[in-house]
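Have a look at the structure below, then the notes.
Nothing in this text is a laboratory measurement; each read-out follows from the coordinates by a stated rule. Computed from a prediction, not measured in an experiment: that's the story for all the values here. FYI the Cβ positions are ideal-geometry reconstructions off the backbone, even for glycines, and counts take in every protein chain you see.
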Amino acid sequence: MADQSILLPACGLVTGLLLLGWGFLKRVKTNRLAGYRLTPTGQLRPGERQLVSGPAAKLGDLAAPVSKRPCVFYREETERLEVRHSSKGSHTRWVNEGYTAYGGFRLDDGSGGVLVFPSENSPDFSRPAFTDDESGLLQTAGDIRRTEEIIQEGDKVTVVGVPVTLAEVLAAIRGGARLNVPTDVIAWLLKLEKDGGAQTPCFFGGGAATVADLGYEAYLSETAGSARFFLQAGGVITILSAAALLYAFNAPVRPVDLSR
């Protein structure tokens, strides 16, 4: 059995380094966000990565399936309970089965507006999620758990991505791309294109790289605070664990009394 005086500090050192690594990634993300200029939606340039922020307005009626709340967009994660049996007993874990992104909205900052259709990889949400756990108290293999994150009408959001035109979005859909929105929204988009709105700017799919459920200033502050927390926690744990390891390696070894 490994010496506990070495094993525990070693685990702490690994944990501290992982926290530091995550903190540095958060710091890079914060610096990248701070480097963007907040672009008015009426001045978006096609083909360039830009950042916009403002309240979300609905394109049609939509209710989230788990929370039953009215929303403009939701992302749902589905997990399945996996049960494994061994000589030491049963072990359970939730296995991700995939994500579903549904809906879209108009981000209206008062300068023109832009349509946003996030993908399942777009959300970087901070608000609490809603969970629908079917397993209850007695969990069995195959139980399903659904976790849902939503954006409601009026929520301030921040979007980072590369805008395209509505004509390009609809051309992609006609070519087989998926747009998970209610049918009445599809009909409205087709009418908008026909009525002269083909050049309406849109963040669509992978072009909506990041969609946050906070306004720009709040999103930047939250990201910076998260980076600071992980860096500080990781630094403290790393230093203390390294000191404990050095002490354990330098501690004198007690001789074994063979006369007993």
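Numbers below:
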| read-out | value |
| --- | --- |
| Residues that are of a type outside the set (F, W, Y) and either buried (at least 20 other Cβ atoms within 10 Å of the Cβ) or under 15 Å from A101 (Cβ atoms) (or both), drawn from segment 201-216 | P201, C202, G205, G206, G207, A208, A209, T210, V211, A212, D213, L214 |
| Enumeration of residues in segment 182-199 that are touching a strand residue (DSSP E or B) at 6+ places or on another chain (Cβ under 6 Å) and under 13 Å from L59 (Cβ atoms) | none |
| Strands (runs of 3 or more DSSP E) within segment 60-144 that include 3 or more residues surrounded by 13 or more Cβ atoms within 10 Å (Cβ to Cβ), in contact with a strand residue (DSSP E or B) (Cβ under 6 Å, 6 or more places away or on another chain) and not charged (D, E, K, R) | 73-86, 89-103, 114-118 |
| Near pairs, Cβ below 6 angstrom, 6+ apart or cross-chain, from segment 81-102 (basic (K, R)) to any residue that is surrounded by 12 or more Cβ atoms within 10 Å (Cβ to Cβ) | R93/E82 |
| Tally, over segment 43-59, of residues that are outside any loop (DSSP other than H, G, I, E, B) and surrounded by 13 or more Cβ atoms within 10 Å (Cβ to Cβ) | 9 |
